[in-house]
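The values are calculated or read from the model by the stated rules, or taken from the named source; none is laboratory data. Predicted model, so just to flag it, every value in this text is computed and none were measured. As a convention, Cβ positions derive from the backbone with ideal geometry for all residues, glycine included, and neighbour counts pool all protein chains shown.
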Amino acid sequence: MKNLLLLFGIALLFTSCEKPVSDAHFYDSGISSELAKFRKQQVSDIHYNLSFDIPSEKSEKINSNLLLEVEISDLSHPLILDFHEETSHLLSLKVNGKSSEIDHRDQHLIIAKELLVKGPNSIEIEFIAGELSLNRNESFLYTLLVPDRASTLFPCFDQPNLKANYTLNISAPKSWKVLAGSPEIASEENGEFITHRFAKSDMMSTYLFSFVAGEFEEAKSESDFPQTLLYRETNPEKIEASIPELFILHQKAKEFLEEYTAYPFPFQKLDFATIPIFQYGGMEHVGAIQYRESSLFLDENATDSELLSRAKLIGHETAHMWFGDLVTMDWFEDVWMKEVFANFMAGKLVNPTYPEINHELSFLTNHYPSAYGEDRTKGTNPIRQNLANLKDAGSLYGSIIYDKAPIMMRQLETVMGEAAFQNGIQKYIKTYANGNADWNALVEILDENTSMDLQQWSEVWVNQSGRPIFSDKIELGKDGTISSFVITQKAEDGSGKVWPQLFDITFFYEGESKTFSVAMKDKTLDLKEAIGQQQPSAILYNSNGLGYGVFPIDQSSLPQITSLPDEVMLGQSYINLYENTLSGNIAPILAFETFQKGIAAEQNEILARLISGELNNIFWNFLTEEQREQVLPALENQLWNQMQQDLPTNLKKTIFSLYSGIAYYQTGYNRLYNVWKKEVEIKDLKLNPDNFTSLAMTLALYGHPKADEILTEERTRISNPDKLDRFDFLQPALSQIESERDSLFESFKEATNREKESWVLAACGYIHHPLHQKSAIKHLPLALALLEDIQKTGDIFFPKRWASATAGQYTSPEAAKIVSDFLNQNPGYNPILKNKILQSTDDLMRMQSIHQ
């Protein structure tokens, strides 16, 4: 049957290839799928020769030149380049040596077919570089062109399946360092500037082209595989503790991936730069990975979780060299494929380096809460989403592809077996190296290594959204043993979807337990192994943490959670308790009390971080203001007393983070003030200068009587210029004067004031914090109204994060009404952005129903 389906699929493929490509949307703004398909068959052998002249002053334009060499096989239509900038940025055009008029419309540069020839063509363009994705600062800049932003910088074919080589020249001030995707082969001084000439690059998609230039320090590795690092961090302790380890982590990741994929490192180099204001954790640019500086530079007191998180980030970006850069998705609807493999491989390659960490627990706590955080909402989406135009590709990113997809992939590997799965991956890499592939291409390869029907399996896991809700029906016989045990799953959205999956169920008895493995393929399962068993005192569903969904929980068993014998069981229990609370099955105050008891007892840092995050969310998002006031004094005292105990540094830092996030009463913030003043030192609590800066801001947020004095003094402690700029940017958000907070938020109407996105989000977090919401709620309509412009001008994660940092922090009925009214009054609103609002305000809406 499988072979017949395969033959049928191949027949359909050839049939579809014979159909002419429609040109109805060739000239739409953005890059339509129709245009992308035509260009894929029209052009090949693409080589971009690019020059950028970077001036000393940020305000001056960047004069640039492109010599595009391209093979053309189809002249039925003009050659359409993408350039998402003003026409005035295009200064001159030559086609095959002849000057030509510039035809620029709807973000496209149109080259008339009469000027072209079949075979090799050369197109030379003088232009002013676009700056939407150039991230210019006074002393440095960096490109960030994912998913379709290369065309905001220079004219190109901005689609992932038109890979090209690049030859790059950059002129920059003499004091600047420059890093690009290929090795620098020459440099020439020209007055106060140096021209840096780079070798011809490897093949790559446009979104992976990059360069970094500016006043950076440079470090080089001494290994057999040399690496270069550019950085701006100035803290000597962080520099000494981090730089050698960064090179080692990249080297280990490279070696693991070469062995796992049976494919050597595919590019000329593995250099990287750390950037203080970088929008993401990292970005996998070929030969020049970019990272957020704070994610890589840690001091000697970093916790195990922080070290593991850094190693996984490096593993993630290094894995992209194979999964995403070497083999790239054909179209961005399969962007999730590169992300799932990067996350999945990061865990595999990092885990052996940290044998003392429970990696099953780490996987559970890193992925499940985030995946549920989007999948439980009315704005959820499938892992694989349809994409008609590349301009909407940024909306595809989120926790579904970063967190649900690895859960799906782990289920798939478990069902197939590790060896069969790895064999399939090796064939996939070898088959599509330096090319493009979609999910169906991978399924076809994996299908050869398993007897299961992967097409059917992936239909619900990959192509549909949501998660199952599990229930049980247990019947007892006359002798008190179990006579029937039926498990049922139903889709949370009410559809008839069924998630085939594996998980364990554990029965607990006095002094012992019994575990049953479940392979659930249908809506119901009769657990025959349970028949004849004594009725257990408690049942833990998904006790191995492998399953996905909301599982039954017995309210009477909540006090027993802390006594569970296994860390994964504990993690699953806390996650499932949180999900049941949000589903309305457990009262928030009961969940809060359970988490409070859990944080008091927990010695494992990973679990403590999970519990502390869930406790903090319940405290701020699901307790009423009156309930918060009732529970806060006892919680403050509990946490403060815990910090006086003899606890590991890692655990103590987690508890301090929780304490500083909730201690807004006078007793609490006075204790924090004494810590900030360094008049009170908590034994084994190691705080670095960044921690003290954060603490000063927290004290201002809580309205400490000396808030202005605290911020003034803290400013004198900051020596790093990048961190000082950030501090000054955030100060109005921390002001005790409402009008100053208002003015800062109003300034975000202008896109230029939103350029440093991480700073803007931090400011919104303070302005719309629950303690400020009575004064800030007036800004909610503006926050929602700006979302469309934010999508146009911001990077891929900005719209969701903006919605979360503003509307997503509220709990009041008034805020819920503002959001509902906005959506009701805009019935034709962009459905992608509507989903981002629904995802971000899910807690707000659940709060209304829970406390109705």
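Looking at residue 828, is it crowded, with 21+ Cβ neighbours inside 10 Å and under 30 Å from residue 390 (Cα atoms)?
On the way: crowded, with 21+ Cβ neighbours inside 10 Å: no; under 30 Å from residue 390 (Cα atoms): yes.
Spelling it out, it is not the case that residue 828 is crowded, with 21+ Cβ neighbours inside 10 Å and under 30 Å from residue 390 (Cα atoms).
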### Task
Working only within the range 735-774, note down all residues that are within 29 Å of residue 142 (Cβ to Cβ), of a type in the set (Ser, Thr, Tyr) and either without any contact (Cβ under 8 Å) to a residue 60 or more places away in the chain or in contact with a His (Cβ under 6 Å, 6 or more places away or on another chain) (or both).
747, 752
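Return the residue satisfying two criteria in turn: it lies in the range 391-420 and is of a type in the set (Lys, Arg) and surrounded by fewer than 23 Cβ atoms within 10 Å (Cβ to Cβ), and of such residues it is farthest from residue 454 (Cα to Cα).
Start the filter on the range 391-420 by keeping residues that are of a type in the set (Lys, Arg), which leaves 391, 404, 410.
So of that shortlist, the ones also surrounded by fewer than 23 Cβ atoms within 10 Å (Cβ to Cβ) come out as 391, 410.
Details: 391: 31, 410: 14 Å.
Looking at the filtered set, the residue picked out is 391.
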### Query
Restricting attention to the range 739-762, which residues are exposed (fewer than 13 other Cβ atoms within 10 Å of the Cβ) and either β-branched (Val, Ile, Thr) or modelled with pLDDT under 95 (or both)?
752
### Query
Filter the range 61-114 for residues that are closer than 19 Å to residue 31 by Cα, in contact (Cβ under 8 Å) with a residue 60 or more places away in the chain and of a type outside the set (A, V, I, L, M); which is surrounded by the fewest Cβ atoms within 10 Å (Cβ to Cβ)?
105
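Here are some residues: 709, 755, 714. Which one is acidic (Asp, Glu), in contact with a helix residue (DSSP H, G or I) (Cβ under 8 Å, 6 or more places away or on another chain) and on the phi < 0 side of the Ramachandran plot? Write out each step before concluding.
On the way: 709 fails: in contact with a helix residue (DSSP H, G or I) (Cβ under 8 Å, 6 or more places away or on another chain); 755 fails: in contact with a helix residue (DSSP H, G or I) (Cβ under 8 Å, 6 or more places away or on another chain).
The conditions single out 714.
May I ask you to say which residue of 168, 141, 132, 162 is part of a loop (DSSP other than H, G, I, E, B), out of contact with any Pro (no Cβ under 7 Å at 6 or more places or on another chain), among the hydrophobic types (A, V, I, L, M, F, W, C) and at pLDDT 95 or above? Write out each step before concluding.
Details: 168 fails: part of a loop (DSSP other than H, G, I, E, B); 141 fails: part of a loop (DSSP other than H, G, I, E, B); 132 fails: at pLDDT 95 or above.
Result: 162 is the single residue among 168, 141, 132, 162 that is part of a loop (DSSP other than H, G, I, E, B), out of contact with any Pro (no Cβ under 7 Å at 6 or more places or on another chain), among the hydrophobic types (A, V, I, L, M, F, W, C) and at pLDDT 95 or above.
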### Task
Report the residue count in the range 465-477 for those that are assigned to a loop (DSSP other than H, G, I, E, B), at pLDDT 95 or above and not basic (Lys, Arg).
2
### Message
Could you check the range 478-513 and list, in sequence order, the residues that are in a strand (DSSP E or B), under 30 Å from residue 409 (Cα atoms) and of a type in the set (A, V, I, L, M)?
### Response
486, 487, 491, 502, 505
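From the set of residues in the range 509-549 that are among the aromatic types (Phe, Trp, Tyr) and surrounded by fewer than 21 Cβ atoms within 10 Å (Cβ to Cβ), which is farthest from residue 486 (Cα to Cα)? If you could, list the steps in order and put the result at the bottom.
Let us first name the residues in the range 509-549 that are among the aromatic types (Phe, Trp, Tyr), namely 509, 516, 541, 548.
Checking which are surrounded by fewer than 21 Cβ atoms within 10 Å (Cβ to Cβ) leaves us with 509, 516.
Numbers: 509: 20, 516: 13 Å.
Taking the candidates together, the pick is 509.
Scan the range 835-849 residue by residue and report those that are crowded, with 18+ Cβ neighbours inside 10 Å and touching a helix residue (DSSP H, G or I) at 6+ places or on another chain (Cβ under 7 Å).
If the condition is that a residue be crowded, with 18+ Cβ neighbours inside 10 Å and touching a helix residue (DSSP H, G or I) at 6+ places or on another chain (Cβ under 7 Å), then 836, 837, 839, 840, 841, 843, 844, 846, 847 are the ones that fit.
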### Task
Please work out which one of (1) surrounded by fewer than 22 Cβ atoms within 10 Å (Cβ to Cβ); (2) at pLDDT 95 or above; (3) not aliphatic (A, V, I, L, M) is the condition residue 793 fails and give its number.
(2)
### Task
Answer yes or no as to whether residue 54 is crowded, with 17+ Cβ neighbours inside 10 Å and more than 20 Å from residue 330 (Cα to Cα).
yes
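Conditions tested, residue by residue: (1) under 25 Å from the mean Cα position of the chain (by Cα); (2) of a type outside the set (Asp, Glu); (3) under 23 Å from residue 548 (Cβ atoms).
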residue: 437; (1), (2), (3): yes, yes, no
residue: 448; (1), (2), (3): no, no, no
residue: 452; (1), (2), (3): no, yes, yes
residue: 462; (1), (2), (3): yes, yes, yes
residue: 466; (1), (2), (3): yes, yes, yes
residue: 496; (1), (2), (3): no, yes, yes
### Query
So, in the range 618-635, of the ones that are surrounded by fewer than 21 Cβ atoms within 10 Å (Cβ to Cβ) and within 27 Å of the chain's Cα centre (by Cα), which residue ends up nearest to residue 772 (Cα to Cα)?
620
### Query
In the range 42-91, which residues are within 26 Å of residue 196 (Cα to Cα), hydroxyl-bearing (Ser, Thr, Tyr) and assigned to a strand (DSSP E or B)?
48, 51, 64
### Subset tally (residues that are more than 18 Å from residue 474 (Cβ to Cβ) and of a type in the set (Phe, Trp, Tyr)) for the range 490-549
2
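Filter the range 368-381 for residues that are under 22 Å from residue 319 (Cβ atoms) and surrounded by fewer than 23 Cβ atoms within 10 Å (Cβ to Cβ) and give the result. Write out each step before concluding.
Of the range 368-381, the ones under 22 Å from residue 319 (Cβ atoms) are 368, 370-371.
Hit for the range 368-381 is 370, nothing else.
What are the residues in the range 424-440 that are surrounded by fewer than 20 Cβ atoms within 10 Å (Cβ to Cβ) and under 19 Å from residue 205 (Cα atoms), if any?
430, 431, 432, 433, 434, 435, 436, 438, 439
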